[in-house]
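Have a look at the structure below, then the notes.
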Amino acid sequence: MRKLLISTVLLMGTTAFAAELPLKELPGDADRDHWLPEQVNADGTLEKLQDVTGGPAVKFSGSQDRPIQIALIYPSADVSDFWARNYLAMTKRLDELGIDYETREFASRQIEHSLQSTYAGQVAQDADLYDYVIFGPSELATQADNIDKLAGTDGLVTYVWAFHTPLKYLKNQPAAWFDFSSAYGAQKICDYMVERLGKDVTYALNRGIPGITDNQRSGDFMECVKEKGNWNAVYEHYGEYQREGGFEGTQLILQAYPEAKVIHNANTAMSMGSVEAQLAAGKEKEIFSTGWGGTGLELDAIRRGELDATPMRMGDDVGAATAEAIKAHMEGRDGELPLVFLGRITVAHDQMSNDEIDALEKEAFRFSGVDALER
């Protein structure tokens, strides 16, 4: 692989690969197939990267003989603007850092698992063309072999987007995982909804694809509202994170489970489909609906009174933190990085003023911009 010539250090493999995991034991380890962030991050590393990411850029201290080459494999062809926004955040932060780069994107939909596998194989085969690969898996367990393959490819630094649960059985860990904690988001939206709507609520869910993400976004939410509010789930629809799945699931809920007055959606695409089904049936004022992630589409729906609440990620954190990790790697400071980076989450809801939503949105999308992205 062609190596960058950097005046201060030589590029080297990340120290995260060599770390013996976990760094600390936690209760329930035997029941999980993955590590939790708090047991794989060295003390203080996450907080330091969060602070650096949220602060002004400090220029790269080395020099380059050519642009770094970055491959991105992710389901950016889907409705959610998470991928596009974090691409913009990463590249704009790289610009601020004074790092020259070129990118190549390999886009898919979230249900196109085999296409992602093809892309991963292509990038691994052509590893001499790239310095970094950013992989946004369609689903973690489904793409585990491809993560392992990319992370084990000599001379290629692998970062994973949209997951924060390093799998125990990987032979090769990526250099870092960048995400927002779905479990933390589930806790935030649970607390908000129980406080606002009270106890003994009957509800239904549009779930995603069986796996870690949905287990946290939907499963942890279900456990939380049951424990804290004695809520009762009458139906769970697996909509595969697609707009059509949210639409069809909501149609079924409205027809067969009219007692459900809350619909919890596990991502942007399904929440948009759910809103469409409610509008078509004239039921949007009767149903309390959630989104997931606080994307621009969701915030616009909240402003229109079509969506009620969403756990909102400070979305550009993932892309900006990735740029900072690239800079740290180029400067030989891998040991300062956490294995798992987590962005901030708050709840945006329909009882906020437009000014309050605007302020949240401006902070969240400080690099990618608050206007809806053209698709």
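The values are calculated or read from the model by the stated rules, or taken from the named source; none is laboratory data. Nothing here was measured: the structure is a model prediction, and the numbers come from that model. Backbone-built Cβ (ideal geometry, glycine too); neighbour counts: all protein chains shown.
Quick notes on this one:
- Checklist (1) outside the structural domain of GLY155 (by TED's automatic domain parsing); (2) assigned to a loop (DSSP other than H, G, I, E, B); (3) surrounded by 16 or more Cβ atoms within 10 Å (Cβ to Cβ); (4) touching a residue at least 40 places away in the same chain (Cβ under 8 Å) applied to GLU361, failing item: (2)
- Per the conditions (1) more than 29 Å from GLN50 (Cβ to Cβ); (2) touching a Lys or Arg at 6+ places or on another chain (Cβ under 9 Å); (3) surrounded by 24 or more Cβ atoms within 10 Å (Cβ to Cβ); (4) hydrophobic (A, V, I, L, M, F, W, C), the sole criterion not satisfied by ALA124 is (3).
- Among (1) over 21 Å from PHE180 (Cβ atoms); (2) free of Cβ contacts under 8 Å to residues at least 60 places away in the same chain - the single one ASP214 does not satisfy: (1)
- Looking only at segment 217-269, and only at residues there that are among the acidic types (Asp, Glu) and free of Cβ contacts under 8 Å to residues at least 12 places away in the same chain, the one that is farthest from GLY291 (Cα to Cα): GLU227
- In segment 337-358, residue nearest to the chain's Cα centre (by Cα) [restricted to those that are part of a helix (DSSP H, G or I) and surrounded by fewer than 16 Cβ atoms within 10 Å (Cβ to Cβ)]: ASP358
- Screening SER289 with (1) under 30 Å from ARG366 (Cβ atoms); (2) at pLDDT 95 or above; (3) in a helix (DSSP H, G or I) gives one miss only, at (3).
- Tabulated pairs, segment 164-175, first outside the structural domain of ASP214 (by TED's automatic domain parsing) and farther than 9 Å from VAL340 by Cα, second basic (Lys, Arg) and modelled with pLDDT of 95 or more, C-beta under 9 angstrom, 6+ apart or interchain: ASN172/LYS149
- Among the residues of segment 94-120, just one is without any contact (Cβ under 8 Å) to a residue 24 or more places away in the chain and touching a Ser or Thr at 6+ places or on another chain (Cβ under 6 Å), namely LEU115.
- Odd one out for GLY282 among (1) over 17 Å from the mean Cα position of the chain (by Cα); (2) at negative phi; (3) modelled with pLDDT of 95 or more: (2)
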